[in-house]
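The structure appears right after this line, and notes come after that.
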Amino acid sequence: MAFTLSQRAYAARVVEIVAPIVPALAKALQPRTEVVLHDLTRMPNTIAAIAGAVTGREVGGPPTDLGLRTFRSNQPEDMINYRTETAEGLVLRSSSMFFRTPSGVPVACLCVNSDVHDLQRAKEVLEALTAFNGATGASVAEVPVETFPATVDDLADGIIRQAIEDVGVPLHLMKKSHKVEVVRDLDQRGFFAIREAVDVIAQRLGVSRYTIYNYLNEISSDAETG
């Protein structure tokens, strides 16, 4: 998404006001809570402020893969107290709240990630101890696995790897249709908001950057006719 100068100025003002309270908010929500402020107009280096040692990220870092997919929406909704897991299996309770311009354009996002892994494990143990006939009630709903990359390159690599795995065909056996599906998946994940994304995926798929643009045009045409 291309932001106007006024929208970028609004985002900068949000950062100016909110960033100073990020450390205090993280401290107030202890223990093991991370607070992250994203400036969406600076994609993909969106992290404008961060406090709390949960994911090990730093200012200037990228969003998560789930965040990138969410930010891609023109009107993302606030998400409060949703459960996710890191790639390492750490259970988090997360919330994401958007700052919008007066016209409604989301330009910043405040995220709160609380490490509830030990509490979740304790809950599972208690459920097992109090269950009858081996039953533990309703099955646990499938939750998203979220990666928290330290760099943009890590973010891009993880998204590409997942998209290729989802197609289910090894790179050296892929035909055009498979590669188009990879590009379609990447587009839906917000991958092309990343710097030099076209060149990166072109190299990975063994095609030219112009071929990737053709794939994107084809995908766009399919969406319009669909």
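The values are calculated or read from the model by the stated rules, or taken from the named source; none is laboratory data. Keep in mind the model is a prediction, meaning the values are calculated, not measured. Please note that ligands, DNA and RNA were not included when accessible areas were found on the heavy atoms of the full protein model with its side chains. Shrake-Rupley method; radii C 1.70, N 1.55, O 1.52, S 1.80 Å.
For the reader, a short list of remarks on this structure follows.
- In the chain, Cα pairs under 8 Å separated by at least six residues give a relative contact order of 18 percent.
- For region 1-93, the gyration tensor built on C-alpha atoms gives an oblate shape. Its axis ratio a/c (a ≥ b ≥ c) is at least 1.5, and a/b is not larger than b/c.
- Sum of -39500 (n - 2.57) over DSSP H runs of 4+, divided by residues of the chain (222 nm, nearest 500): -13500 deg cm²/dmol
- In this structure region 1-126 gives 52 Å² per residue of accessible area when probed at 1.4 Å with all protein chains present.
- Across the chain the C-alpha pair distances fall into 10 Å bins from zero in the proportions 7, 28, 30, 22, 10, 2, 0 percent.
- Using a probe radius of 1.4 angstrom, the carbon and sulfur fraction of the accessible surface of region 1-109 is 54%.
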